[in-house]
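The values are calculated or read from the model by the stated rules, or taken from the named source; none is laboratory data. Since this is a predicted model, take the numbers as computed values, not measurements. A quick note on method: Cβ atoms are made from the backbone with ideal geometry, for glycine too, and the neighbour counts reach across all protein chains shown.
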């Protein structure tokens with residue numbers, strides 16, 4: 001039986017009063033929860049708590065804490081995805097699906113063939129909402145982060161236990177990604193692929209090139225497939 005969950009970063013106190021219009025609507029009219037029924041709140045920092053609905057009014061829902069259901073330490077094995085700025089609907093898809101596939105952090109970047117305009121504050125807030133909803137839906141306890149947009153060279157110079165880049169000329173992954181690794185960075189290229197100079201920079205920065213398919217993939221397809229593949233060989237084992 002599924003349970004109703006809400007992301008609540010404001011503190012899992014003994015009593016919680018929800019007044020945000022969208023959340024009140026969701027509880028009352030979408031989930032159709034009533035007094036004495038249960039609702040689960042998670043803080044995005046590893047804890048989820050069950051609450052009972054104590055009071056429902058036109059503009060507020062009052063909850064009473066029952067007990068702590070689950071606590072989870074920050075996973076030692078974490079996947080970070082670097083993706084190029086691209087069209088909004090494609091970024092939305094990348095964020096939603098890759099949260100479901102276990103990505104812990106997203107790093108948008110600007111490369112030679114990507115969109116070069118830094119995202120607005122409104123767009124970043126939209127991304128954060130998509131991540132929070134995907135986290136809620138997928139049952140995860142830790143909210144993945146989305147970092148500020150960086151330039152390509154700044155991203156690839158960062159140190160990680162393993163750095164992977166998708167390339168149609170890369171090698172095929174079998175079982176050579178150790179599940180004992182800590183942080184893994186995956187980078188996928190923009191429409192039109194990385195430039196020759198960028199491929200050279202990736203190699204010099206210690207990236208391993210993996211073959212995701214025998215055909216050219218769109219940005220969002222490559223991102224989702226790479227995240228799922230690395231998750232299978234690391235987090236899921």
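Answer with yes or no whether residue 24 is exposed (fewer than 12 other Cβ atoms within 10 Å of the Cβ), farther than 30 Å from residue 155 by Cβ and outside the structural domain of residue 151 (by TED's automatic domain parsing). Here the answer is no, as residue 24 does not meet what is asked. Would you kindly identify the helices (runs of 4 or more DSSP H) lying entirely within the stretch 85-169 that contain at least 3 residues that are in contact with a strand residue (DSSP E or B) (Cβ under 7 Å, 6 or more places away or on another chain) and modelled with pLDDT under 95? Filter on the stretch 85-169 gives an empty set. Of the residues making up the stretch 206-233, those that are touching a strand residue (DSSP E or B) at 6+ places or on another chain (Cβ under 7 Å) and part of a loop (DSSP other than H, G, I, E, B) are 206, 207, 211, 212, 216. Could we say that residue 105 is surrounded by 13 or more Cβ atoms within 10 Å (Cβ to Cβ) and closer than 29 Å to residue 193 by Cβ here? Yes; evaluated as a whole, the condition is true for this residue.
Summed over the stretch 92-120, residues that are touching a helix residue (DSSP H, G or I) at 6+ places or on another chain (Cβ under 9 Å) and in contact (Cβ under 8 Å) with a residue 40 or more places away in the chain total 18.
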